[in-house]
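A.B. asks: Following this message is one structure expressed as structure tokens.
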Amino acid sequence: MSVMFRRVSTVKRPMKQSSEINKRDMSLKKKVLRRVQELPDDGKIQVTSAWNIDVTGQQFRVAFSRDNLHVWINGKAVETTSYITDKGYDVDLFFKISGQEGHIFSDVEGAEMINYLLVEGEMKGQDYQVESSK
């Protein structure tokens, strides 16, 4: 069962810094390799968060879906290495973007979720969402 989150402009809990995310112990999580999945025929995907960023002087649109743990760069699916836990909902996705290490960290706490995008350990974007009422 999926939980729907919606973006909001105010953050109730503090955002993490790049250094906090980079120091986290991945050995406590289960490693999952995610094969590339192209967009469906209708071209629509359920995107959880998306960012427009600059990497090595080039513009990229990075999007990801918590539903299937896939990442798309400029609309093209990329292979990821995911780290997930059996307890809690935090997810770490690692992938390559323009030859550099990309990392999406999805931090869920109760009804709040903050998604972070890092490239080579540097924060490139944050997206705060709360569980939407149906």
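Computed from the coordinates by the stated procedures, all read-outs in this text should not be read as laboratory data. Just so it is clear, the model here is predicted, and its values are computed rather than measured. Methodologically, a virtual Cβ is constructed for each residue, glycine included, from the backbone with ideal geometry; neighbour enumeration extends over all protein chains shown.
A.B. asks: So which aspartates and glutamates pass the test for K31, namely a Cα distance under 19 Å, with those fewer than 8 places away in the same chain ruled out?
C.D. replies: D67, E79, D86, D90, D92, E101, D107
A.B. asks: What residues have an amide H closer than 5 Å to that of G125, excluding those fewer than 5 places away on the same chain, when H is modeled at 1.01 Å from N in the peptide plane?
C.D. replies: Excluding prolines and chain starts, which carry no amide H, the hits are L117.
A.B. asks: Whole-Hz ³J(HN,Hα) for each residue in the range 118-131, computed from phi via Karplus 6.51 cos²θ - 1.76 cosθ + 1.60 with θ = phi - 60°, x for glycine and proline: what do you get?
C.D. replies: 10, 10, 6, x, 9, 5, 10, x, 9, 9, 9, 9, 10, 4
A.B. asks: Which of the trypsin sites (Lys or Arg not before Pro) across the range 46-123 are loop residues per DSSP, with 16 or fewer other Cβ within 10 Å? Walk me through the numbers on the way to the answer.
C.D. replies: Details: sites: R61, R66, K76, K87, K96; in loops: R66, K87.
Loop-located and lightly packed - K87.
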